[in-house]
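Here is the structure we will look at.
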Amino acid sequence: MVEVRQASPEDAPELVRLRAVMLASLTGEEPVDGPWREAALRTLRGALAEPDGTLVAFVVDSARRPGRLAACVLGAVECRLASPENPTGVTGHVFSVATDPDERRRGYSRACMERLIDWYRRRGITTVDLRASREGEPLYRSLGFARTADPAMRLKLGALDGAPAGPVNR
C-alpha cells in the first residue's frame, strides 16, 4: 500500500524540484534556473497554508532518501462560466504530476492521482481537466480521463509598457 499525504508549505522546495523533473521529462532538457523557481515557492507556500484553499498537492515521501519526495500531483480549483456539460462552472485542473526517475513504476503517481480525484469529489467538482504527456496518458485513461474535442492553444503575452509579463502557468 502506497502512503500518500497532503502536502504542507514545508514541502514547497521539493514540489518545485519535482516540477523541474516533470518539465525536463516533457522537453528533454533541464529547466533553467531563474525567477520561476522563487515564484513557484512563494505560490506553493501561500496556497498550501490555506486549509480550504483552491490549490492542493498530494505526495509520497521517498523511502530511499529521507526528507525528499518520491512523487507528487498538484491540483487547482478553477471557476469558469457554467455550461451544459458543467452546470456549476467549477472545474478541477491537474498539473505537475511527477515521480523521480529512480522511484517510477511503483504506483506512486496513481496513488497521488486517486487522492486528488477523491479531494475533487468531496468538493463537489464534477469536471477535471489535465494535459497528458504521451508517457502519462495510459495512467490517466485508466483513471477515466478521455481526450476532448477541443485542442489546447496558448498565447504568451510579453511585457507591456515596461511592466513585467504576467505568468504563463503550467
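The values are calculated or read from the model by the stated rules, or taken from the named source; none is laboratory data. None of these values were measured; they are calculated from a predicted model. Note that we place each Cβ from the backbone using ideal geometry, even for glycine, and neighbour counts take in every protein chain shown.
The residue that is surrounded by the most Cβ atoms within 10 Å (Cβ to Cβ), among those in the stretch 1-36 that are aliphatic (A, V, I, L, M), without any contact (Cβ under 8 Å) to a residue 40 or more places away in the chain and over 18 Å from residue 53 (Cβ atoms), is 20.
Residues checked against (1) at pLDDT below 95; (2) assigned to a helix (DSSP H, G or I); (3) more than 26 Å from residue 110 (Cβ to Cβ); (4) basic (Lys, Arg):
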{"residue": "2", "(1), (2), (3), (4)": "yes, no, no, no"}
{"residue": "11", "(1), (2), (3), (4)": "no, yes, no, no"}
{"residue": "14", "(1), (2), (3), (4)": "no, yes, no, no"}
{"residue": "18", "(1), (2), (3), (4)": "no, yes, no, no"}
{"residue": "22", "(1), (2), (3), (4)": "yes, yes, no, no"}
{"residue": "26", "(1), (2), (3), (4)": "yes, yes, no, no"}
{"residue": "33", "(1), (2), (3), (4)": "yes, no, yes, no"}
{"residue": "39", "(1), (2), (3), (4)": "no, yes, yes, no"}
{"residue": "42", "(1), (2), (3), (4)": "no, yes, yes, yes"}
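Here residue 23 passes the criteria (1) in contact with a Lys or Arg (Cβ under 7 Å, 6 or more places away or on another chain); (2) of a type outside the set (Asp, Glu); (3) closer than 25 Å to residue 120 by Cβ except the one numbered (1).
The residues of the stretch 54-69 that are in a loop (DSSP other than H, G, I, E, B) and either modelled with pLDDT under 95 or out of contact with any helix residue (DSSP H, G or I) (no Cβ under 7 Å at 6 or more places or on another chain) (or both), listed by number, are 54, 63, 64, 65, 66, 67. Tell me which residues, restricted to the stretch 69-92, are surrounded by 14 or more Cβ atoms within 10 Å (Cβ to Cβ) and touching a residue at least 40 places away in the same chain (Cβ under 8 Å). Those that are surrounded by 14 or more Cβ atoms within 10 Å (Cβ to Cβ) and touching a residue at least 40 places away in the same chain (Cβ under 8 Å): 69, 71, 72, 73, 74, 75, 77, 86. If you take the residues of the stretch 104-130 that are assigned to a helix (DSSP H, G or I), in contact (Cβ under 8 Å) with a residue 60 or more places away in the chain and of a type outside the set (D, E, K, R), which of them is surrounded by the most Cβ atoms within 10 Å (Cβ to Cβ)? Ranking the qualifying residues of the stretch 104-130, first place goes to 112.
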